[in-house]
Amino acid sequence: MRIPGLSKSRSLSFKEIEDFSGKIKECAWAFQQAIECLISKKCESFEELRQDVTRLVSEVQVMSHQIFISAAQSDRLPAPGHLLLSFLRELTKVTSSVEEALEWFSFRKEPVIPQELEKDFFLLFDSVIDPVEELVKIVAEAGKYFKKPGDKPRKNVLNLIAGISKMSGEANKLDERLKRKIFAQVSDPLAVFHLVRLSEIIAAIGGRAENTGDLLRIMICKS
């Protein structure tokens, strides 16, 4: 696809998408550090860590824009254009959920999370970071497949994607269990609403990772 006024078209390199997913993983790690710092109540660098997340989210947006331009200029794409762009948009939404979670945290004064729920929130955080990390591996393996298609690399990528679905399922179970504990142990209605919504936003990070994997599965099946 060629758009008038843009520079000479070229082939979109899957390496660009690999680098993009790596930046999203970096953002997820920064998010995890910021949350652990906030919950520990002994960390004095939360605002600095939060700024790191904001910076990384901005870098993700810039990289996303650059890849969209590359796709628009490209004569050859590794997958059907509409699927590739949907995949990239969903991948970008991972960082949007990360940013939303940090923003939601800031709406309440400390302590945001009651001590009796800290362990459950930590488990939920870990459960959504894992599929984001796995996405980086999957994108790398998908790049190998699109470069040199074959039954073995195809099955390898599809198996990895199935693993993300299982991880997201575990995150959903933790989200549901955490909500039940919130309603059972927290009496302040405003705190209940804030904590339940926070749990949902965090769980959505894993959901975005699963959606991204599903779109990649479709891309591979249609290639």
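Here are the numbers for this structure:
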| item | result |
| --- | --- |
| Partnerless cysteines, meaning none of the other Cys C-beta atoms lie under 4.7 Å away, in the chain | 27, 221 |
| Electrostatic dipole magnitude of the stretch 148-223 [Cβ: Lys, Arg +1; Asp, Glu -1; Cα centre; debye, to 20] | 400 debye |
| Sequence-separation-based contact order of the chain, relative, with Cα cut under 8 Å and 6+ spacing, percent | 29 percent |
| Ranking of 43, 37 by count of other Cβ atoms within 10 Å, fewest first | 43, 37 |
| Neighbour-count order for 60, 132, fewest beta carbons within 10 angstrom listed first | 60, 132 |
| Charge dipole magnitude, Cβ of K and R +1, D and E -1 - the chain, Cα centre, debye nearest 20 | 1100 debye |
| Cα-based reach from residue 144 at 22 Å (exclusive), listing lysines while leaving out same-chain residues under 8 positions away | 15, 23, 25, 152, 155, 222 |
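Computed from the coordinates by the stated procedures, all read-outs in this text should not be read as laboratory data. The model shown is predicted, which means the values in this text are computed figures rather than measured ones. Here Cβ is always computed from backbone atoms with ideal geometry, including for glycine, and neighbour counts include all displayed protein chains.
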